[in-house]
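The values are calculated or read from the model by the stated rules, or taken from the named source; none is laboratory data. It should be emphasised that the depicted structure is a prediction, and the values quoted were computed from it without experimental measurement. Here the Cβ positions follow ideal geometry from the backbone for every residue, glycine too, while neighbour counts run over all protein chains shown.
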There are 2 protein chains.
Amino acid sequence: MDEQQAREIIETLAGEARKAAATLATARGEQRDAALNACAAAIRNARDTLQQENEKDIARSEEFALTEAMVDRLRLTDERIEKMAAALESIAAQVDPVGRTIAAYNRPNGLRIEKRRVPLGVVGVIYESRPNVTADAAGLCLKSGNACMLRGGKEAMHSNLAIAAALRQGLSAADLPVEAVTVIDSPDRALVPAMAQAEGLVDLIIPRGGGGLIRAVARAATIPVIKHYAGNCHVYIHAGADPAMAESIALNAKCQRPGVCNAAETLLVDAAVAESFLPRVAAKLIEAGVELRCDSASRDILSAAGLEDMAGATEDDFRTEFLSLTLAVAVVDDLSAAVRHINTYGSTHTDAIVTESVSAADRFVAGVDSSSVMVNASTRFSDGGEYGLGAEVGISTDKLHARGPMGAEDLTTYKWIVTGQGHIRT
Amino acid sequence: MDEQQAREIIETLAGEARKAAATLATARGEQRDAALNACAAAIRNARDTLQQENEKDIARSEEFALTEAMVDRLRLTDERIEKMAAALESIAAQVDPVGRTIAAYNRPNGLRIEKRRVPLGVVGVIYESRPNVTADAAGLCLKSGNACMLRGGKEAMHSNLAIAAALRQGLSAADLPVEAVTVIDSPDRALVPAMAQAEGLVDLIIPRGGGGLIRAVARAATIPVIKHYAGNCHVYIHAGADPAMAESIALNAKCQRPGVCNAAETLLVDAAVAESFLPRVAAKLIEAGVELRCDSASRDILSAAGLEDMAGATEDDFRTEFLSLTLAVAVVDDLSAAVRHINTYGSTHTDAIVTESVSAADRFVAGVDSSSVMVNASTRFSDGGEYGLGAEVGISTDKLHARGPMGAEDLTTYKWIVTGQGHIRT
């Protein structure tokens, strides 16, 4: 497929999605919620078909050289199908973000100014592997009055198309246009830049997946992109921390689910408490199977405490999202040094301080340039569900428009509504 | 200058701006306001220097083949210098957008979730001609705790550098780092894409100027861009309009200042009232010097009323931002047809309905996909000052992050602050 052909395919699909978006934008909330509930029912009814189509993808997994972990993520078990359906119902149960007034006031000349939330229009999502993203992303777009164009990975194509077919049944049942959910059914790579350049047709692109995919989309795009990069999260143990709390949070942030973006990758310990705190927590971490990579100060302290032969941490280790039971460790002189370390090596995702000092917490919150800052809580709470957003499209590592966990409201924009009584400008 | 050299220059400047941004982000509001007031004083004190430097630009205007209108926009008169200073003071007087809480609530598990406004970091502005943009953009960035990197047009380089020097005096006087305001002092074109690709250093690019400039920046950018395209604004006279109000708004929207982006370019008249309304308003518009370009239905009506030889409107006319005393005119069957016309030919900038019908106004507001929708008010009110924002960085024609007039608050993002009492995830 050449560029021109790709552009034409995207223009046709996006043109239809755009028409559907116009209908969705003026549909009542109860109709969109009815559609979401009908989608959930259709997903449940389609279980056998979904699993048959899913088997076709799994049968081809060798062809795509998928690892066992990837095949596992791909598989649509009974439980995962039920979870998809339940997520759609929980999205339906949320408050409608569309039509909410953000600000409203009168000007001295009597003009009434209002900012009111409206859907974005057409949202493009480009993702890999897990087929449930198809239902989650479509559900959040539908809730927020947007049509969506979904481009999943080629390894999940049959599964994604089968899920989309079920979602379209749900839309039909609620009398909404099926083009509101469009899955791009060709794996051709030329379609990605074409989608990211569909100015006037697609309003936003959300790439989810590996760094390479996200960078490629950002580079090609002429329409807005919200990027979802990885998380290199820190836990900083302040001199004024409660030691038991510090230990519990450090262990939880690293070990509770090490393969996800809000797990901790670096532990920073204030020099003032390093000698007392580090050996204890290091022993617990090692017991939990964690490999520590230590800067020289922390190595010395651990060595003096009888924990010898700790691996040294390189500059690179402090930049790495291990996504495994590996943890970089450093001793920092004070809170300012901790903030500097985080802003230098971090990924602006989620960073935590453990402290009993109000002013230390304030300084950390103000100084750390991250989308989520935790005070006396594990980094693992950085998540749309934990923040009460229901589902999430992802965790934005961008600063523009939406930052951190993105829910349905983040898929809306606003409109200025200005009401006069024949006002003219003089 | 090759790509590599451009990248190095931008990296150096942006790196310094970034350090300044970290200081600004934690500076108190009163210090940023003191700096803004000191900047205003420095601009006033520097009047002679500003005018000498401005003369150098004007002396080179032939070299750059500037039109008389462009030379006029470039000129720093006493009045314009005073206006720049006064704008900085009015920005200082606004409520501080930094640190405002957008949302705050407790989760059932006792976690406290808060969304709090924080600066973006480093904001890049790429613009043409008018030197006052240097002071306005820098002032809004300073108010919102951001450092700015300004890249003006080569034709205004001396003026922009002189303004920036005055602003830096103001920053120094308030003990803030001068790198918070950085004007790029080379006209080399390679610097624009380098700036738009400075990931991790520049957080946002705002291009202001002609469509060509904006498209080029959007195409090159890998960091977020908020585009400020032109306005093709409509006034729709609904069947239920008060005729006198309709006439007054149509005339004001077209004639009060035809060269700006919120002036009307197309008049849509409902078929039900076209015969009674059109001939009267057309006579007034022609009297005011407006050239009408009419679709066949409006031509017929005007011709029957004795206004013959009206120019025909082409498809292109309905897409054109005339920025002059030219107005496209069309008769539409009903409100739905008006909305369709606006969504097809418009630029999603500002569109108005004149009507006494509440339900017609509601349908228009919901159906028109524009950043500002006016009900019984002239499109000319679409402006940061008129909306009470103080100054504006521009009028965003994008949907993401900020839509319509952009003030200081739109130059902020937010941070999630999560406070627990030792919360870990289970």
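Just checking: which of the helices (runs of 4 or more DSSP H) contained wholly in region A:11-125 hold 3 or more residues that are at pLDDT 95 or above?
A:29-45, A:47-59, A:78-93
How about region B:371-419: which of its residues are on the phi < 0 side of the Ramachandran plot, more than 7 Å from every other protein chain (Cβ to nearest Cβ) and of a type in the set (G, A, S)?
If the condition is that a residue be on the phi < 0 side of the Ramachandran plot, more than 7 Å from every other protein chain (Cβ to nearest Cβ) and of a type in the set (G, A, S), then B:S382, B:G384, B:G385, B:A391, B:S396, B:A402, B:G407, B:A408 are the ones that fit.
A:S382 - would you say it is of a type in the set (S, T, N, Q), modelled with pLDDT of 95 or more and within 18 Å of the chain's Cα centre (by Cα)?
The answer is yes for A:S382.
Within region B:303-332, count every residue that is of a type in the set (G, A, S), surrounded by fewer than 20 Cβ atoms within 10 Å (Cβ to Cβ) and within 25 Å of B:G211 (Cα to Cα).
First pass over region B:303-332, keeping only residues of a type in the set (G, A, S): B:303-306, B:311-313, B:324, B:328, B:330.
Next, from what is left, pick out any that are surrounded by fewer than 20 Cβ atoms within 10 Å (Cβ to Cβ): B:303-306, B:311-312, B:324.
From the residues that got through so far, the ones that are within 25 Å of B:G211 (Cα to Cα) too are B:324.
Adding up the residues that qualify gives 1.
With the requirement that a residue be part of a loop (DSSP other than H, G, I, E, B), without any contact (Cβ under 8 Å) to a residue 40 or more places away in the chain and among the polar types (S, T, N, Q), what does region B:126-163 give you?
Answer for region B:126-163, where residues must be part of a loop (DSSP other than H, G, I, E, B), without any contact (Cβ under 8 Å) to a residue 40 or more places away in the chain and among the polar types (S, T, N, Q): there is none.
Those residues that are in a loop (DSSP other than H, G, I, E, B), in contact (Cβ under 8 Å) with a residue 60 or more places away in the chain and closer than 16 Å to A:Y127 by Cβ, I need them from region A:164-187; list them, please.
Matches in region A:164-187: A:I184, A:S186.
Applying the selection to region A:166-217, what residues are of a type in the set (G, A, S), more than 24 Å from the chain's Cα centre (by Cα) and surrounded by fewer than 18 Cβ atoms within 10 Å (Cβ to Cβ)?
Answer for region A:166-217, where residues must be of a type in the set (G, A, S), more than 24 Å from the chain's Cα centre (by Cα) and surrounded by fewer than 18 Cβ atoms within 10 Å (Cβ to Cβ): A:S172, A:A173, A:S186, A:A190, A:G200.
Can you find a residue that is among the small types (G, A, S), within 25 Å of B:A196 (Cα to Cα) and within 24 Å of the chain's Cα centre (by Cα) anywhere in region B:122-133?
Checked region B:122-133: at least one residue is among the small types (G, A, S), within 25 Å of B:A196 (Cα to Cα) and within 24 Å of the chain's Cα centre (by Cα).
Restricting to region A:251-269, name every residue that is within 17 Å of A:V373 (Cβ to Cβ) and in a strand (DSSP E or B).
Across region A:251-269, the qualifying residues are A:A264, A:E265, A:T266, A:L267, A:L268.
Within region B:248-276, can you find the residues that are within 12 Å of chain A (Cβ to nearest Cβ), over 9 Å from B:V235 (Cβ atoms) and in contact with a strand residue (DSSP E or B) (Cβ under 7 Å, 6 or more places away or on another chain)?
Across region B:248-276, the qualifying residues are B:S248, B:N262, B:A263.
For region B:394-401, indicate whether the set of residues that are surrounded by fewer than 23 Cβ atoms within 10 Å (Cβ to Cβ) and within 24 Å of B:A337 (Cα to Cα) is non-empty.
Yes: one or more hits.
Taking region B:207-224 as the search range and keeping residues that are within 11 Å of chain A (Cβ to nearest Cβ) and within 23 Å of B:L140 (Cα to Cα), which one is modelled with the lowest pLDDT?
First, the residues of region B:207-224 that are within 11 Å of chain A (Cβ to nearest Cβ): B:214-224.
The next check asks that each one be within 23 Å of B:L140 (Cα to Cα); those that pass are B:214, B:217-218, B:221, B:223-224.
Working: B:I214: 90, B:V217: 92, B:A218: 87, B:A221: 90, B:I223: 90, B:P224: 91.
Applying the filter and picking the extreme gives B:A218.
Name the residues in region B:98-118 that are out of contact with any Pro (no Cβ under 9 Å at 6 or more places or on another chain) and either away from chain A (no Cβ under 14 Å) or under 30 Å from B:A41 (Cα atoms) (or both), would you? Lay out the reasoning, then the answer.
Quick first cut of region B:98-118, residues out of contact with any Pro (no Cβ under 9 Å at 6 or more places or on another chain) only: B:99-116, B:118.
If the condition is that a residue be out of contact with any Pro (no Cβ under 9 Å at 6 or more places or on another chain) and either away from chain A (no Cβ under 14 Å) or under 30 Å from B:A41 (Cα atoms) (or both), then B:G99, B:R100, B:V118 are the ones that fit.
Does A:A377 fit the bill of being buried (at least 21 other Cβ atoms within 10 Å of the Cβ), without any contact (Cβ under 8 Å) to a residue 24 or more places away in the chain and within 18 Å of A:A264 (Cβ to Cβ)?
no
Which of the residues spanning region B:1-25 are exposed (fewer than 15 other Cβ atoms within 10 Å of the Cβ) and touching a Gly at 6+ places or on another chain (Cβ under 9 Å)?
Passing the criteria: none in range.
Tell me, which helices (runs of 4 or more DSSP H) wholly within region B:293-364 include 1 or more residues that are touching a Phe, Trp or Tyr at 6+ places or on another chain (Cβ under 7 Å) and either more than 19 Å from A:T419 (Cα to Cα) or in the same structural domain as B:A271 (by TED's automatic domain parsing) (or both)? So that I can check it myself, show each step before the final result.
On the way: elements: B:296-304, B:315-319, B:335-345.
Correct list: B:315-319, B:335-345.
Scan region A:355-369 for residues that are within 7 Å of chain B (Cβ to nearest Cβ) and either modelled with pLDDT of 95 or more or farther than 14 Å from B:K415 by Cβ (or both) and jot them down.
Across region A:355-369, the qualifying residue is only A:V365.
Looking at the structure I just gave you, is A:V192 modelled with pLDDT under 95 and away from chain B (no Cβ under 12 Å)?
Criteria met by A:V192.
With the requirement that a residue be in contact with a strand residue (DSSP E or B) (Cβ under 7 Å, 6 or more places away or on another chain) and hydroxyl-bearing (S, T, Y), what does region A:377-426 give you?
Within region A:377-426, A:S378, A:T379, A:S382, A:Y387, A:S396, A:T397, A:T412, A:T413, A:Y414, A:T419 meet the criteria.
Which ones in region A:21-78 are charged (D, E, K, R) and within 30 Å of A:G99 (Cα to Cα)?
Within region A:21-78, A:R28, A:E30, A:R32, A:D33 meet the criteria.
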